[in-house]
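Chemist: Got a structure here, written out as structure tokens. Questions coming.
Please treat every number below as a calculation from the coordinates, not as lab data. Quick caveat: nothing in here was measured; it's all calculated off a predicted structure. In this analysis, Cβ positions are derived from the backbone assuming ideal geometry, glycine residues included, and neighbour counts consider all displayed protein chains.
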Amino acid sequence: MGMARKLPIVCLLVGMATAAVAQNQALIDSLRIELGDAEGKQRYDILSRLAWEYRFAYPDSTIQIARQAYALGEKLKLTSLAQLINYEGVALNYTGDRIAASEAYQRPLDLATSQRDTIQIGHSNNNLGHLFFDQGLLARSYDHLLKAESAFISTRDSSGIAYALQSLANLFRLQKDHAKSEQYHSRALKIREKLGNMRDIMSAHVQLGPLYQEANDFESSTSQFRMAERYGNQIHDEINLADVKIYLAQNYLATPQQLQQAEQLAKEGFDVIDQLNNTLLLPRAHLMLGQILFKQQRWPEARHHFDTALLIARQRKDIVNQMEAHEGLWLISKELKQSKEELQHLNSYLLLKDSLLDLDLARQAERAEFQTEIQKKERENQLLKEQEARNNQLIASQRMERTILMIIIGSLGIITFIIWLNAKRRRETNKQLALQNKKLSDLNHEKDTLMSIVAHDLKSPLNRVHGLATILELEGGLTDNQKNYTRLLKASARGGLDMITDLLDVHALEDSQDNSHPHSFQPDTWLKERLSILAPTAVAKSIAIVTTTAFHGPITSDPIYLSRILDNIVSNAIKFSPKGSSVHVTGRSTPQEIQLMVKDQGPGFADQDKPFLYQKFRKLSARPTANESSNGLGLAIVKTLVDRLNGTIELITSTKGSEFIVRIPLA
């Protein structure tokens with residue numbers, strides 16, 4: 001059964017996030033007793049510890065207690081208060097309020113920076129890194145995690161270093177760099193073993209287990225989970241132990257000879273999760289039991305668990321677990337030859353799987369961007385270090401100048417010498433600035449080159465996707481749903497290819513010199529051919545293209561550039577015009593120039609859009625009327641080509657429509 005082998009990394013990351021969702025109740029009870037008679041600094045310390053211990057199960061209590069401790073700390077005039085705001089941010093993150101959490105993390109970072117509290121600078125950056133990681137902003141996450149690691153290393157905070165290493169390991173894991181992820185996880189585990197905190201050691205083993213599981217190294221994975229189980233038994237961490245048993249059951253499920261052991265572990269873990277009603281872990285526990293029972297051909301019991309997992313996943317809006325549940329129900333219906341239920345669950349499974357396709361493609365694109373961003377950050381860090389060294393040298397020189405000026409202030413000859421020396425140094429500084437500008441220009445060129453390489457590399461898979469979808473259509477025998485999916489797949493691939501083509505064209509036009517090739521041609525014939533190519537798009541939206549021409553014989557210009565200009569403007573007019581409207585295209589010539597006018601009946605351009613009209617990737621307030629794709633490159637290409645031809649472009653717009661007027665001098 002395929003389900004056991006393809007638990008998505010999204011689920012694994014959720015599992016890792018919940019692996020610590022347990023609190024030390026005995027410690028909490030002890031702290032609450034101590035709080036009764038405590039005063040002053042002792043009361044502040046107990047409140048701080050309580051706020052931290054409550055963060056998982058009762059985040060609202062953490063927020064309330066952290067604020068009480070903060071108010072008491074201000075009253076006592078304590079300085080190290082940044083950690084309490086960090087606690088509040090962690091709690092807000094657990095409640096799901098990401099924006100408030102981000103603001104809460106930024107506040108202690110600013111406070112700790114002003115107070116030079118390096119440890120809290122590390123924790124704040126680590127928390128921000130986690131937050132951006134959860135939201136998929138990997139480049140920003142990487143930047144904050146590196147700062148956190150640097151801060152902890154500088155203060156020799158072993159616990160903080162372990163946290164930072166583990167966070168970086170999870171980031172590399174999401175990027176499919178399992179070797180580097182294993183390296184960072186192992187380093188974190190060694191540090192935590194030296195520190196001796198059993199809960200942290202258990203967490204480190206739980207992090208390594210799924211990593212080996214993804215690599216199908218079930219022996220190493222099982223070893224890590226067994227170690228986590230040993231520490232969990234010592235600290236009586238029921239919920240984490242239950243989660244570990246589910247992971248172990250998944251490992252044993254991969255081996256038919258260990259199916260009974262998998263069932264026993266899954267039931268033990270499920271009983272605890274069900275008893276505690278942990279809705280975050282329940283769907284996965286039900287799915288695991290369903291998969292085991294399916295392999296044992298115990299169809300009714302397996303169906304019960306898949307149905308329950310589906311119900312809970314729907315309540316939580318968990319697409320991945322819904323998809324897994326539908327897959328299990330589909331396979332059961334197939335085995336029982338229940339064709340109606342089989343088709344129903346298969347369709348639901350495919351729909352959910354299709355909805356995850358865009359997410360997967362976005363992850364692939366983000367991965368490329370992430371790798372580029374890392375290289376960029378490393379170069380920027382190197383430049384910053386060099387700049388910092390120059391600045392320190394300059395500051396030292398300026399201090400020396402002030403000392404010399406105070407000593408020899410009465411001597412005209414020495415003053416003249418100092419003026420000459422300063423002038424020389426300014427010249428050297430200007431040379432350094434010129435060199436720095438050149439380096440920045442080279443970096444910008446390298447960025448454009450990387451973007452072009454990524455765009456070229458993306459064309460081949462998109463072409464293959466489009467080609468495979470076309471083959472599916474030609475082979476026939478598809479259901480209506482499958483035909484619709486194939487059509488959507490082709491449209492998505494074509495949209496991506498068009499965007500890549502425009503992107504490459506923009507960079508090619510910006511990088512190349514003027515390479516237009518003017519020659520004589522008949523404008524009437526040229527205009528008719530271009531509009532005939534655009535006609536099918538207009539017909540699909542019931543838009544009429546009305547043409548008016550007043551050309552006087554052949555003209556001399558670059559027809560390829562003119563075609564790109566006309567195609568982009570008319571395509572935009574069709575894209576933003578309502579169905580059943582018309583687009584008026586007027587062409588005329590004089591002995592000095594050719595004029596092209598395109599007028600539509602769309603919504604027009606808002607005043608705030610006009611300054612950004614011809615900027616790359618700038619999507620304006622108006623939206624296509626039939627959900628067509630718009631990448632914000634069309635008008636940027638038009639403006640570049642018009643400038644190449646020494647022409648002008650003018651916009652006349654209102655809420656009743658827009659008109660672009662292009663004037664190109666004849667060669």
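Chemist: Rounded, prolate or oblate for the range 265-355? Axes are the square roots of the Cα gyration tensor eigenvalues, ordered a ≥ b ≥ c, and the cut-off for rounded is a/c under 1.5.
Modeler: Here the range 265-355 falls in the oblate category.
Chemist: Something else now. Quick query: amide H of THR549 versus all other amide H atoms, modeled in the peptide plane; which residues come in under 5 Å with a sequence gap of 5 or more or a different chain?
Modeler: GLY587
Chemist: Sticking with this one: Give me ASP237, ASP643 sorted ascending by neighbouring Cβ count inside 10 Å, so fewest comes first.
Modeler: In order of increasing Cβ crowding within 10 Å: ASP643, ASP237.
Chemist: In the range 252-311, what chymotrypsin sites (Phe, Trp or Tyr not before Pro) fall in a loop by DSSP, with at most 15 other Cβ atoms inside 10 Å?
Modeler: Filter output for the range 252-311: empty list.
Chemist: Something else now. So what J values fall out for the range 517-531 if you push phi through Karplus, 6.51 cos²θ - 1.76 cosθ + 1.60 with θ = phi - 60°, rounded to Hz, Gly and Pro as x?
Modeler: Going residue by residue, I get 10, x, 7, 7, 7, 8, x, 4, 5, 4, 5, 5, 5, 5, 6 Hz, with x marking Gly and Pro.
Chemist: Using the count of nearby Cβ atoms within 10 Å as a rough guide to exposure, how do HIS552, HIS185 rank from fewest to most?
Modeler: Sorted ascending by nearby Cβ count, the order is HIS552, HIS185.
Chemist: Run the numbers for VAL546 and GLN234: contour at 0.36 nm per residue of separation, minus the present Cα-Cα distance, in nm.
Modeler: 104.2 nm
Chemist: How are the C-alpha pair distances of the range 519-665 spread across 5 Å bins, as whole percents from the shortest bin up?
Modeler: 2, 9, 20, 24, 21, 14, 7, 2, 0
Chemist: Is the shape of the range 25-147 best called rounded, prolate or oblate, per the rule: a/c under 1.5 gives rounded, else a/b larger than b/c gives prolate, else oblate, with a ≥ b ≥ c the square roots of the Cα gyration tensor eigenvalues?
Modeler: Taking the square roots of the gyration eigenvalues as a ≥ b ≥ c, the range 25-147 is oblate.
Chemist: Label the range 176-253 by shape, choosing from rounded, prolate and oblate, from the square roots a ≥ b ≥ c of the eigenvalues of the Cα gyration tensor; if a/c is under 1.5 it is rounded, and otherwise prolate applies when a/b is larger than b/c, oblate when it is not.
Modeler: Because a/c hits 1.5 or more and a/b fails to exceed b/c, the range 176-253 counts as oblate.
Chemist: Please order MET323, MET597, MET288 by the number of other Cβ within 10 Å, starting at the fewest.
Modeler: MET597, MET323, MET288
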